[in-house]
Amino acid sequence: MKWSELPSLAALRAFEATARLNGFSAAARELNVTHAAIAQHVRALEADLGVSLVFRSGAGMALTEQGRGLAASLGDGFRQIADGVALVRARKEDQPLNISLTPSFAENWLMPRIGAFWAEHPEIKVALNPSMDLVDLRRDGFDMSIRYGRGDWPGVDAEMLVHANFVIVGTPEMAEHVQGRNVLALGELPWVFETGREELIVWAQSVGLGECALDSIEVPTNSMAMSATRAGARISIQNKAVVERDLAEGRLVCLHEEAPSRLGYYLVRPPGIRSNRLKIFERWLKSVAKG
């Protein structure tokens, strides 16, 4: 098929509506344009094809033989297009929202809260894909990503959801080694990180520890990192919500806490129109984040 050999799609649509609804005025109302615009499109189509398609018949309008043939073909074609679009939309509505997010955000922030969303919106399925890999939202088929950083990624819409409420924690005994000293003194202590938690490295650099040669080890899970921290073997960076009870009961102390900045977790979407299901999920996330 050569598109260059076809008349204007707008003209074909105007003629199909005119033929089906038996007049320029009715076609104009359906397509939300003026009577004059419909008439202009139909006359342009007749000029392009070199035939008459419509003629006045009393107070109404009738189709020529060529007009009846073209109207039938266009009706069949537009119905097939409408059926195809409806099928795609139906399949899309049946699929879960595909959300990419960091393992840390999934484990520590979203999973303890998402039961409320499922209870409020059982009709909306959400597929969570925890990964530290950067994804191409359109190419990889994601509706949205929740990404850690400063929100300055090119080619996407990014909106801050929550600040990175991270704290450096250790046992009271660990705190004695750096009491009264600045944050750089923490670089002298042994550290433990969960493997793949790049946001913690970024945060550590943002608070001035980027130039420190940290004595650090990595462990597969944050639960293991927390065990090592509680045992007094290492210090670690934790989401404040995860260690609130440890801090309140004195098992751990806060060695450093940074004021909120542009660093945080962002809702990241591809540019363009978002589905109603995604808008509902976004509104819920923001309402929970606001508390």
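Condition test on Ala44, is it within 38 Å of the chain's Cα centre (by Cα), modelled with pLDDT of 90 or more, closer than 18 Å to Leu74 by Cα and surrounded by 15 or more Cβ atoms within 10 Å (Cβ to Cβ)?
no
If we scan region 104-123, do we find a residue that is within 12 Å of the chain's Cα centre (by Cα), of a type outside the set (Ser, Thr, Tyr) and in the same structural domain as Pro270 (by TED's automatic domain parsing)?
Scanning region 104-123, I find no residue that is within 12 Å of the chain's Cα centre (by Cα), of a type outside the set (Ser, Thr, Tyr) and in the same structural domain as Pro270 (by TED's automatic domain parsing), so the answer is no.
Taking region 1-26 only, how many residues are farther than 20 Å from Gln80 by Cα and surrounded by 14 or more Cβ atoms within 10 Å (Cβ to Cβ)?
Qualifying residue count for the region: 5.
Please count how many residues of region 46-67 are in contact with a strand residue (DSSP E or B) (Cβ under 9 Å, 6 or more places away or on another chain) and free of Cβ contacts under 8 Å to residues at least 12 places away in the same chain.
Going through region 46-67 one residue at a time, the tally reaches 4.
One residue is enough: does region 52-75 have a residue meeting the conditions at pLDDT below 90 and either of a type in the set (Asp, Glu) or surrounded by 14 or more Cβ atoms within 10 Å (Cβ to Cβ) (or both)?
Yes, the conditions are met somewhere in region 52-75.
Let's see how each residue does on (1) more than 30 Å from Gly141 (Cβ to Cβ); (2) in the same structural domain as Leu184 (by TED's automatic domain parsing); (3) surrounded by fewer than 16 Cβ atoms within 10 Å (Cβ to Cβ):
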residue: Glu199; (1), (2), (3): no, yes, no
residue: Glu218; (1), (2), (3): yes, yes, yes
residue: Ala228; (1), (2), (3): yes, yes, no
residue: Ala231; (1), (2), (3): yes, yes, yes
residue: Arg234; (1), (2), (3): yes, yes, no
residue: Val243; (1), (2), (3): yes, yes, no
residue: Glu249; (1), (2), (3): yes, yes, yes
residue: Arg269; (1), (2), (3): no, no, no
residue: Asn276; (1), (2), (3): no, no, yes
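For region 104-113, check the following and say yes or no: at least one residue is part of a loop (DSSP other than H, G, I, E, B) and surrounded by 14 or more Cβ atoms within 10 Å (Cβ to Cβ).
no
Which one is modelled with the highest pLDDT among residues in region 274-291 that are among the basic types (Lys, Arg) and under 14 Å from Trp109 (Cβ atoms)?
Restricting to residues being among the basic types (Lys, Arg) and under 14 Å from Trp109 (Cβ atoms), the top hit is Lys286.
If you check Val178, Val135, which single one turns out to be out of contact with any helix residue (DSSP H, G or I) (no Cβ under 8 Å at 6 or more places or on another chain), touching a residue at least 12 places away in the same chain (Cβ under 8 Å) and not aromatic (Phe, Trp, Tyr)?
Val135
Would you mind telling me which numbered condition in (1) closer than 30 Å to Leu97 by Cβ; (2) loosely packed, with under 15 Cβ neighbours inside 10 Å; (3) modelled with pLDDT under 90 Glu159 fails?
All conditions are met except number (3).
If I go through region 20-35 residue by residue, how many of them are out of contact with any strand residue (DSSP E or B) (no Cβ under 9 Å at 6 or more places or on another chain) and touching a residue at least 24 places away in the same chain (Cβ under 8 Å)?
Total meeting the criteria: 1.
Return the pair list, or none, for Cβ contacts closer than 9 Å from residues in region 272-291 that are closer than 18 Å to Ala158 by Cβ and hydrophobic (A, V, I, L, M, F, W, C) to residues that are assigned to a helix (DSSP H, G or I) and at pLDDT 95 or above, at least 6 apart or on different chains.
Phe281/Phe117; Leu285/Phe117
Identify the single condition in (1) under 30 Å from Asn98 (Cα atoms); (2) touching a residue at least 12 places away in the same chain (Cβ under 8 Å); (3) over 26 Å from the mean Cα position of the chain (by Cα) that Ser223 does not satisfy, given that it satisfies every other one.
The single condition Ser223 does not satisfy is (2).
Scanning for something touching a residue at least 12 places away in the same chain (Cβ under 8 Å), among the hydrophobic types (A, V, I, L, M, F, W, C) and either on the phi > 0 side of the Ramachandran plot or in contact with a Lys or Arg (Cβ under 7 Å, 6 or more places away or on another chain) (or both), does region 193-210 turn up at least one residue?
No; the residues of region 193-210 include none that is touching a residue at least 12 places away in the same chain (Cβ under 8 Å), among the hydrophobic types (A, V, I, L, M, F, W, C) and either on the phi > 0 side of the Ramachandran plot or in contact with a Lys or Arg (Cβ under 7 Å, 6 or more places away or on another chain) (or both).
One line per residue, one yes/no per condition, for (1) touching a Phe, Trp or Tyr at 6+ places or on another chain (Cβ under 8 Å); (2) farther than 30 Å from Glu257 by Cβ; (3) not acidic (Asp, Glu):
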position	(1), (2), (3)
Leu128	no, no, yes
Arg138	no, yes, yes
Gly141	no, yes, yes
Gly149	yes, no, yes
Gly155	no, yes, yes
Met160	yes, no, yes
Asn165	no, no, yes
Gly170	no, no, yes
Met174	no, no, yes
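The values are calculated or read from the model by the stated rules, or taken from the named source; none is laboratory data. Values in this document were obtained by computation on a predicted structure and should not be read as measured data. When we count neighbours, we look across all protein chains shown, and the Cβ atoms used for this are built from the backbone with ideal geometry, even at glycine.
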